[in-house]
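Since the structure comes first, as structure tokens, the remarks are kept for the end.
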Amino acid sequence: MPMTDGPGVRGDRTVVLVHPCATRRRSVQPWCDLPLELIAVGSPLARAGYRVRIIDQRIDPGWRQALRGELGRSPVCVGVTSTTGPQLRHALEVSQAVKAESDVPVVWGGIHATLLPEQTLERPDIDFVVQGEGERTFEELVAALERGGPVGDIAGVWRKDGGRIIRGAPRPFIDLDAEPPLDYGLVDVARYTRTVFGVKRLSFSTSRGCTYPCAFCYSTVVHRRCFRALSPDVAVAQLEAFTRRYGVRGIFPTDANFFLDLDRARAILEGVVRRGLDLVFTRLHIRFDTLRRLTGEDLKLLERAGVKCLALGVESGAERIRRMLHKPIDEADLHAANARFRSSSIMPMYFFMLGFPTETRPELKATVDLFMKLAADNPRAYVSVNTFAPFPGTELFELAVAEGLTPPTRLEDWFSFSYRHLGAHGAWLSDSMRRTVAMLDFCSFFASDRGYVTPFKQTHPLATAAARVYAPVARFRMRHLLHHAPLEIAAARRLGLYGDGG
């Protein structure tokens, strides 16, 4: 039942928000982070008197029955968050389920809908798109839908009018400090706790966006290279209230770059120490150029504040690729920093990517050599390797198109884009490069012992033992870029142990 602009008045002040699964196989995930994006848009509605129901496919095997029950209340609308890749399959499944049983409006938001609002609205089972931050935009849209009649123009809302798609005017970013704390009571917070570094932890956000021009990153489009953050006093006060209310010590800030404003980061960590909060920051993201600015006193502050891991994107072992990505890193400085961490209680985590447009086999080899050396030189280092996913609107997406990628013309064609799978079959790479990237993606789990024995994972002892046996084979494959006869990779895929492409 497709919707057009102007549904009738809704009888129940209920708003349903759905978080789809992020993997190809829809199954209950053993752990996942709080659906902060849905809590953020739901909190203003709850304060305005709406009944907000969040359904999370990731943890609720009965999500379909729960959704059907909510549709029976004639909610104002159903909101669905979206991320480019396999999650879109399940987001679309939710939209289709709504339209099969009701005329309730379906509203999409999130990364993918923000990147491609017009293409998203071409689907008959999606009625509105909230582009960008949703707090004010979604609240105004919900109020208009509740009133009934034509929705009209709302900044940030894309809508349908007959056969036309109407573009919403851009909406300014909100002032995070001016927003009340999120209403985490909208979900069962206990279901999102996870034990990391020996403590229970939850995800939390103190900032949004990033000012850097990384050529592969969707943030340059979604956040328009604008950094917004809680002031230190507000951040510390919210951290204290949050951890005390839910009885956790561990915090995982989802900030893309916690240290972008170094003075702010220092003030937050100093406030945590001064208040004696006894927190554990399980991972903080930092750029390498900022890491180089950290003094010895800064590292001591991080340790006192409970920082256990600093994560930074190296991305490639090839200088040409790093220049292309706008990630200037001097390898000598990187190795010096890695050595510096050997005498620190802080674990370094290095992110790499494989399969960039124009990347060559020697450049892939340079990446392998670099991440294996970092792991060998510092046994406490953790290496995370993913495949390149071209996000629409980014600089590297255009390069991928120039190298052979045909831009998807339908929402469904984006299902295969994933950090675990070369979207569109890696059309920007040669067949040999695609096979090599697929091999490296799998084998990189075994680059060091921390790939399968790590504070971030709870791995079954038998799986750990099998990994130790296979690790030398994986490392031999990587060192020599041997992608032939990958029987073990095929077996892992068949068993559902690896791979989550579309």
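The values are calculated or read from the model by the stated rules, or taken from the named source; none is laboratory data. This is a predicted model, so every value here is computed, not measured. Please note: Cβ atoms are built from the backbone with ideal geometry, for glycine as well, and neighbour counts cover all protein chains shown. For accessibility, only protein heavy atoms count, side chains too; no ligands or nucleic acids. Shrake-Rupley method; radii C 1.70, N 1.55, O 1.52, S 1.80 Å.
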What does the charge dipole of the chain about its Cα centre add up to, to the nearest 20 debye, if the Cβ of each Lys and Arg holds +1 and the Cβ of each Asp and Glu holds -1? 1420 debye
Pop a pseudo-label 7 angstrom from the Cα along the beta-carbon direction at both ASP431 and ALA336 and give the gap in nm to one decimal. 4.7 nm
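May I ask for the equivalent-ellipsoid semi-axes of the stretch 271-344, computed as the square root of five times each C-alpha gyration tensor eigenvalue and listed largest first in whole Å? List each step's numbers first, then the result.
Values: eigenvalues 153, 32, 19 Å².
Gyration-tensor ellipsoid for the stretch 271-344: 28, 13, 10 Å.
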Heavy-atom SASA rank of LEU88, LEU462 (probe 1.4 Å, accessible area, largest first): LEU462, LEU88
Computed [θ] at 222 nm, deg cm²/dmol, the chain (DSSP H ≥ 4; -39,500 (n - 2.57); rounded to nearest 500): -11000 deg cm²/dmol
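For ALA311 and ALA267, calculate 0.36 nm times their separation in residues minus their Cα-Cα distance, and state this gained length in nm to one decimal.
Working: separation 44, 0.36 × 44 = 15.84 nm, distance 1.97 nm.
Gain on stretching ALA311 to ALA267: 13.9 nm.
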Report, as a whole number in µm² per second, the diffusion coefficient that Stokes-Einstein gives for the stretch 164-240 at 20 °C and 1.002 mPa s using the Kirkwood radius over alpha carbon pairs. 138 µm²/s
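If you average 1/r over every pair of different alpha-carbon atoms in the stretch 179-303 and take one over that average, what Kirkwood value in Å do you get? Present the calculation step by step, with values, prior to reporting the outcome.
Details: mean 1/r = 0.0646 Å⁻¹.
For the stretch 179-303, the Kirkwood estimate is 15.5 Å.
Just the number, please: Stokes-Einstein D of the stretch 42-118 in µm²/s, Kirkwood Rh from C-alpha pairs, 25 °C, 0.890 mPa s. Let's see the in-between values first.
Working: Rh = 13.3 Å.
Value of D from the Cα-based Kirkwood radius: 185 µm²/s.
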Provide, in order from the shortest bin, the percent of all Cα-Cα pairs of the stretch 238-382 in each 5 Å bin, continuing until the bin that contains the maximum pair distance. 2, 9, 18, 21, 17, 13, 9, 6, 3, 1, 0
In the stretch 157-238 the accessible area split gives carbon plus sulfur, as whole percent at 1.4 Å, a share of 53 percent
Just to verify a number: what accessible area does CYS32 come out at with the full protein assembly present, 1.4 Å probe, Å² rounded to tens? 10 Å²
For the chain, what is the number of Lys pairs with C-alpha distance below 24 angstrom, counting only pairs 8 or more positions apart or on separate chains? 11
Extreme residue, positive dipole direction of the chain, given options PRO407, THR195, ASN386 (C-beta unit charges): THR195
Rank GLY69, GLY110, HIS483 by how far each Cα sits towards the positive end of the charge dipole of the chain (+1 on Lys, Arg Cβ; -1 on Asp, Glu Cβ) and give me just the farthest. HIS483
Hey, got the Cα dimensions of the stretch 259-305 along the principal axes, in Å, largest first? 30, 19, 17
Taking just the C-alpha trace of the stretch 101-256, give me its Rg and Dmax in Å. 18.2, 56
So for the stretch 54-188, what percent of the C-alpha to C-alpha distances run longer than 23 Å? 34 percent
Pairing rule first: another cysteine's C-beta must sit under 4.7 Å. Under that rule, which cysteines of the chain stay single? CYS21, CYS32, CYS77, CYS210, CYS226, CYS309, CYS443
Once amide H atoms are built 1.01 Å from N in the peptide plane, which residues 5 or more positions from HIS421, or in another chain, come under 5 Å H to H? THR387
So, for the chain, what is the accessible surface per residue at a probe of 1.4 Å, expressed in square angstrom? 40 Å²
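Could you compute Rg(Cα) / (2.2 N^0.38 Å) for the stretch 124-207, with N its residue count? Spell out each step's value before the answer.
Values: Rg = 17.6 Å, N = 84, 2.2 N^0.38 = 11.8 Å.
Relative to the 2.2 N^0.38 Å estimate, the stretch 124-207 comes out at 1.49.
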Length gained, GLU118-SER344, 0.36 nm per residue minus C-alpha separation, equals 76.4 nm
Rounded to a whole number, what % of the accessible area of the stretch 264-361 do carbon and sulfur atoms account for, probe 1.4 Å? 49 percent
Using only C-alpha positions, report the orientation-averaged shadow area of the convex hull of the stretch 327-451, nm², one decimal. 8.3 nm²
With all protein chains modelled, accessible area of PHE197 [1.4 Å, Å²]: 60 Å²
So what is the diffusion coefficient of the chain in µm² per second by Stokes-Einstein at 20 °C and 1.002 mPa s, using a Kirkwood Rh over Cα pairs? 89 µm²/s
Percent relative contact order of the stretch 369-452, based on C-alpha pairs within less than 8 angstrom and at least six residues apart? 39 percent
Give the carbon-plus-sulfur fraction of the accessible surface of the stretch 34-141 in %, rounded to a whole number; probe 1.4 Å, heavy atoms of protein chains only. 47 percent
